[in-house]
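The values are calculated or read from the model by the stated rules, or taken from the named source; none is laboratory data. Predicted model only: the values in this text are computed from it and were never measured. We place every Cβ from the backbone using ideal geometry, glycine too, and count neighbours over all the protein chains shown.
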Amino acid sequence: MIGSRKTASFFKAFFPALVTVLCSTFFMSKAVFSVDFESARKDMVEDQIKRRGIRDAAVLQALLKVPRHLFVEPKFLSRAYSDFALPIKENQTISQPYVVALMTQSAMLKADDRVLEIGTGSAYQAAVLAEIVNQVYTIEIVESLARTADSRLKELGYNNVTVRHGDGYRGWPEKSPFDAILITAAAPKIPRPLIDQLKVGGRMVLPLGKTGSPQNLIVLTKQEGGSLRKRFITGVVFVPMTGEIRQ
Ligand code: SAH
């Protein structure tokens, strides 16, 4: 009896304090985590993106905003803001932050642009685009990746992105013409149907070349009359574009 009365009065005295300590630890740890990711993101933009010469304010703003740690596999959480590509499911990758910034800047986007991405993957690039332009359409050939990407974007409130499962080689004619098209997988040749879906003055950014060796990241600008102006940006390494382009 005495023992249980003692226990009861002990709890009466200390329970509120215990609850306070547990609650504040929980909320503090959440706060610490979010501060960590936010500062990691700031460091990423300063050290990896600005330092390498990315100047487009909208691109910098988008990279500061998109929570990249929510697009990587949980086991790579601590490396979400590191200077390299990371594996995602189905043997694919989320691109290096700098490459995402470079491709986005090279597309020379305006807020009212309509953009098509081929190779949704984790949907990180799509989210970056969605921070900058009105409408983003993205096609992913691996169904499970398309599904995960779609629900991830919805959860994060990216209502201006539409994800489709399929082969991006033939583009999305019903939504064309596009102001910009980004291909985020290595294409062995320029996909003709995508050029046809580009506006005059529109830009297509893609890694062109064989897989297994570095590809040329290029920008093609569609001229009046349909011809293409080509600009080489840099060497990159991407996973292969698969599907009809290989036939
Ligand atoms: N942009 C992605 C990374 C791309 S990895 C991101 O931000 O995470 C390349 C992706 O292109 C892979 O998910 C791969 O499945 C997809 N892919 C390859 N060939 C494709 C095709 N023909 N059409 C659509 N997606 C394709």
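The rows are residues; the columns are (1) modelled with pLDDT of 95 or more; (2) outside any helix (DSSP H, G or I); (3) aromatic (Phe, Trp, Tyr).
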site	(1), (2), (3)
PHE26	no, no, yes
LYS30	no, no, no
ALA40	yes, no, no
ASP43	yes, no, no
GLU46	yes, no, no
ARG52	yes, yes, no
ARG55	yes, yes, no
ALA58	yes, no, no
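Identify the residue in segment 68-89 that is aromatic (Phe, Trp, Tyr) and buried (at least 19 other Cβ atoms within 10 Å of the Cβ) and, among all such residues, is farthest from ALA101 (Cα to Cα).
Among those that are aromatic (Phe, Trp, Tyr) and buried (at least 19 other Cβ atoms within 10 Å of the Cβ), it is PHE71.
So that you can scan it fast, the table gives a plain yes or no per residue for (1) modelled with pLDDT of 95 or more; (2) under 30 Å from GLU224 (Cβ atoms); (3) aromatic (Phe, Trp, Tyr); (4) more than 8 Å from the ligand (Cβ to nearest atom):
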site	(1), (2), (3), (4)
VAL99	yes, no, no, yes
THR104	yes, yes, no, yes
MET108	yes, yes, no, yes
GLU140	yes, no, no, no
SER144	yes, no, no, yes
HIS165	yes, no, no, yes
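Tally up the residues in segment 127-171 that are polar (S, T, N, Q) and over 23 Å from GLU73 (Cβ atoms), please.
5
Could you grab the pairs with beta carbons closer than 7 Å, sequence gap of 6+ or different chains, first residue in segment 191-213 and free of Cβ contacts under 8 Å to residues at least 24 places away in the same chain, second one surrounded by fewer than 23 Cβ atoms within 10 Å (Cβ to Cβ) and basic (Lys, Arg)?
Every condition considered, the pairs that remain are LYS199/LYS222; GLY201/LYS222.
Only residues in segment 125-142 that are under 17 Å from PRO177 (Cα atoms) count as the first member; pair them with residues that are more than 8 Å from the ligand (Cβ to nearest atom) and in a helix (DSSP H, G or I), Cβ under 6 angstrom, at least 6 apart or cross-chain, and list the lot.
Going by the 6 Å Cβ cut-off, the qualifying pairs are VAL136/LEU129; VAL136/ALA130; TYR137/LYS175.
Check off (1) within 21 Å of LYS50 (Cβ to Cβ); (2) within 12 Å of the ligand (Cβ to nearest atom) for ARG79 and give me the number that stays unchecked.
That leaves (2) as the condition not met.
Out of all the residues in segment 93-112, which are buried (at least 19 other Cβ atoms within 10 Å of the Cβ) and in a loop (DSSP other than H, G, I, E, B)?
Within segment 93-112, SER95, ALA107, LEU109 meet the criteria.
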